[in-house]
Every structure is written in C-alpha cells, then in structure tokens.
Amino acid sequence: MIHLKTQEEIELLRENNLLVSATLAEVGKHIKPGITTLQLDAIAEQFIRSHGAVPGFLGYGGFPNTLCVSVNEQVVHGIPSDYALREGDIVSVDCGTIMKGFYGDSAYTFAVGRIEPEVQQLLDVTKEALYKGVAQAKAGNRVGDISAAVQEHSESYGFSVVRELVGHGLGRNMHEDPEVPNYGAKGRGPLLKEGMVICIEPMINLGTKYVVFERDGWTVRTRDRKPSAHFEFAVAIGKHGADVLTDFSIIENALKA
Ligand code: MG
Ligand code: MG
C-alpha cells in the first residue's frame, strides 16, 4: 500500500534528504585518487552522526556500512573496502539517513580526476534522465510516465537501463510502495497522487543492460564490466509538479569550491 504524507511529514523527509545531500557533498570533497572507499564511508558516518541522524543503510538487511560505494562496473550496493580510487574511475555513492522517524535516500556518481569522454557522457545523460523523470512526477500522471521518460532519454544515447533494481516510495521505511522502474510505458502503473514521496533513481549502463549479483551478497555489477552510473532524488508529488527533497547543488557547489 502507498502511504500518503502530510506536509509536516514531507518536511521531515526534506530534512533527511538535505542531510544526505550535505553528506554526499562532504564525501565528494574527499573523492581523489588514493582515498579508499572505506575512508569515504567513515567520513559519511561521522558527518551523519554529528548532525543528529543515524546512517540509514548501516545494518539495513544486514548491510555492513553507511554508504554503498560502487566503482566503475559496479552498479549499486558496493561494500566499502580498502580499494583506493584511481584517476579515471567513476564512483557511485548512495547514502541514507534516519532522523525523526523518517528516511533520507539519495545517490550521486562522481568522477575521479579526468575520465573518458564517453564515461562523462554516461554521467551527464543519467543525471539528465533523472531530471526528465522528475518532470513527470506530478499528480495525475502515472509511475510509467516517469519510467518511460528515464528510459527514452537514456536509450536515445545508446545507453541501457538496468531492469533488476528500481526506485521506490520513501517514508518511515526506506523501501515503500510503489516501485518506480527506470523503464516502462507511458500511462501505465500506479497513479501519482499529492503526498506521495518517491525515490527516482536511474541506474544506466554504458554497455549491456544485464547485471550480475556478486557472491558477497550485495554488489551488483554489469555483466560486460563496462561502467554504470546512478543518480537518485527523493521527490514529493505536488499538485503542480515535483517537490524535490534532495539538493544536488550542495554537492556541485562543494565540488567547484
Ligand atoms: Mg539510494
Ligand atoms: Mg533508493
């Protein structure tokens, strides 16, 4: 069932998602060749706790860390490790918080130094696909309108959409109804209503859409080992459009500074 949120609840979700954005900004400042993904995890955990929240992923379904850190061909759910980032890598960082009874959940894919032009295009197009999806996130539309917008934009560049993992409702639980796939048909799926809060999170691959679930029980990677990108927003469905609860400008301003 889909839980509709009151405006007060949406504000608590906004607080969480702005904290996630600030955490991703803090992590982003440290993304340089040589830093390990476990060091990034420690920075995020300390930042979240110092702001009065609890990491949302730590212990969720038994996940061992604060961040999901997925490098290059890893799509999502990568476990932080002693892997040191290298020039030319891309790193998808997915972060969650719990504060005042609600969750935050957003993701951003960062470049480590200079990256190949086609990989930069993958990052740009995946983020644009997210924005195309957000533009459809209004009352009266259906989930399929979001899905189709994400898919059409991504595939128009020859990239492919991961099928096995989808966006979701967000609230007192990290994964609520409805599911929000990144592929599908316009006009299909659950009706979007004012007060719904959903995460839209395209996972877009440079090569094949097929993925492999690694034996660590978490990491998902592309089957052809080509890179994958992931950007995620939490949005509230408003009468006249999406109220985006995540703020990438915090991250992007930190990267420019
Ligand atoms: Mg996430
Ligand atoms: Mg999510």
Checklist entry - Once the piece of chain linking Arg163 and Gln39 is laid out straight, how much longer is it, given 0.36 nm per residue of separation minus the C-alpha distance between them? => result 41.6 nm
Next on the checklist: How much length would be gained if the chain were fully extended between Val212 and Arg188, taking 0.36 nm per residue of separation minus their Cα-Cα distance, in nm to one decimal?
Outcome noted: 5.8 nm
Next on the checklist: Modelling each spin label as a point 7 Å along the Cα-to-Cβ direction, I'd like the Ala135/Gln46 distance in nm, to one decimal.
Outcome noted: 4.2
Checklist entry - Reachable lysines from Lys138, Cα under 23 Å, same-chain residues fewer than 8 places away excluded? => result Lys5, Lys127, Lys186, Lys193, Lys239
Item to check | Potential lengthening between Met1 and Ser81 on full extension [0.36 nm per residue; Cα-Cα distance subtracted] | outcome: 25.1 nm
Item to check | Per-peptide average of other Cβ atoms within 10 Å, ordering 225-236, 75-86 highest first | outcome: 225-236, 75-86
Checklist outcome for this item: Computed about the Cα centre, the charge dipole of segment 131-230 from +1 Lys/Arg and -1 Asp/Glu charges at the Cβ has a magnitude in debye, to the nearest 20, of 180
Checklist entry - What number, in percent, do you get for the relative contact order of segment 43-144 if the mean sequence gap of Cα pairs under 8 Å and at least 6 apart is divided by its residue count? => result 20
Checklist entry - What's the center-to-center distance, using Cα atoms, between segment 187-257 and segment 98-132 in Å? => result 7
Checklist entry - In what order do Phe213, Phe159 fall by count of nearby beta-carbon atoms within 10 Å, going from fewest to most? => result Phe213, Phe159
Item to check | the chain, relative contact order in percent, only Cα pairs under 8 angstrom and at least six apart counted | outcome: 24
Checklist entry - Which whole-number percent gives the relative contact order of segment 88-203, counting Cα pairs below 8 Å spaced six or more residues apart? => result 27
Checklist outcome for this item: One quarter of the C-alpha convex hull surface, i.e. the mean projected area of the chain in nm², amounts to 12.3
Checklist entry - Once the Cβ-Cβ distance between Arg114 and Glu11 is put in as r, and R0 is 45 Å, what FRET efficiency do you end up with, to the nearest 0.05? => result 0.65
Next on the checklist: Using a 7 Å offset from the Cα along the Cα-to-Cβ direction at both Arg223 and Ser249, what is the distance between the two label points in nm, to one decimal?
Outcome noted: 4.2
Checklist outcome for this item: Over the chain, the sum of -39500 (n - 2.57) across DSSP H runs of at least four, divided by residue number and rounded to 500 deg cm²/dmol, gives at 222 nm -10000 deg cm²/dmol
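Coordinate-derived values only; no laboratory data. All of these numbers come straight from a predicted model, not from anything done at the bench. Note that each Cβ is placed from the backbone with ideal geometry, even for glycine, and that neighbours are counted across all protein chains shown.
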